[in-house]
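The structure appears right after this line, and notes come after that.
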Amino acid sequence: MHRVRPYDAGVTHLIVGRSADWSFPSDHATAVFAIVAAFLLQGLGWRGSGLLLAAILVCVSRVFVGTHYASDVVGGALTGILAALVVRVIYWEDTRLDRFITSLL
């Protein structure tokens, strides 16, 4: 979405390099929360919990360095979780599609 980054709006002081894309949603938050949700949906609780802690640290760091608003990382986290849920619903294990995709790996 077209949302100006906080450092361009004068809200924060940037302590890392500028980004070329828009602020909402955070790409980093989307990616790390999609991974966390995938682990948790697979029943990998303790691994997922460790990754959840790392994902929260990534999100906090994005706000701390001045590249995102808190709502940007929340939006990214929700987008990542939703994406993982959609994949979980439409992708079934031990189907022809699963065997084909697994064979490519």
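The values are calculated or read from the model by the stated rules, or taken from the named source; none is laboratory data. Owing to the predicted nature of the structure, the values given are computational and were not obtained by experimental measurement. No Cβ is skipped: glycine too gets one built from the backbone with ideal geometry, and neighbour counts run over all protein chains shown.
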Counting only residues that are in contact with a Gly (Cβ under 8 Å, 6 or more places away or on another chain) and over 30 Å from residue 92 (Cβ atoms), which one in the stretch 12-35 is surrounded by the most Cβ atoms within 10 Å (Cβ to Cβ)?
26
Any residue in the stretch 72-92 that is surrounded by 18 or more Cβ atoms within 10 Å (Cβ to Cβ), outside any helix (DSSP H, G or I) and in contact (Cβ under 8 Å) with a residue 60 or more places away in the chain?
no
Does the stretch 36-52 contain at least one residue that is under 28 Å from residue 4 (Cβ atoms) and either surrounded by fewer than 16 Cβ atoms within 10 Å (Cβ to Cβ) or polar (S, T, N, Q) (or both)?
no
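Conditions (1) part of a helix (DSSP H, G or I); (2) modelled with pLDDT of 85 or more; (3) among the charged types (D, E, K, R), marked per residue:
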{"residue": "8", "(1), (2), (3)": "no, no, yes"}
{"residue": "13", "(1), (2), (3)": "no, no, no"}
{"residue": "21", "(1), (2), (3)": "no, no, yes"}
{"residue": "34", "(1), (2), (3)": "yes, yes, no"}
{"residue": "38", "(1), (2), (3)": "yes, yes, no"}
{"residue": "47", "(1), (2), (3)": "yes, yes, yes"}
{"residue": "60", "(1), (2), (3)": "yes, yes, no"}
{"residue": "99", "(1), (2), (3)": "yes, yes, yes"}
{"residue": "102", "(1), (2), (3)": "yes, yes, no"}
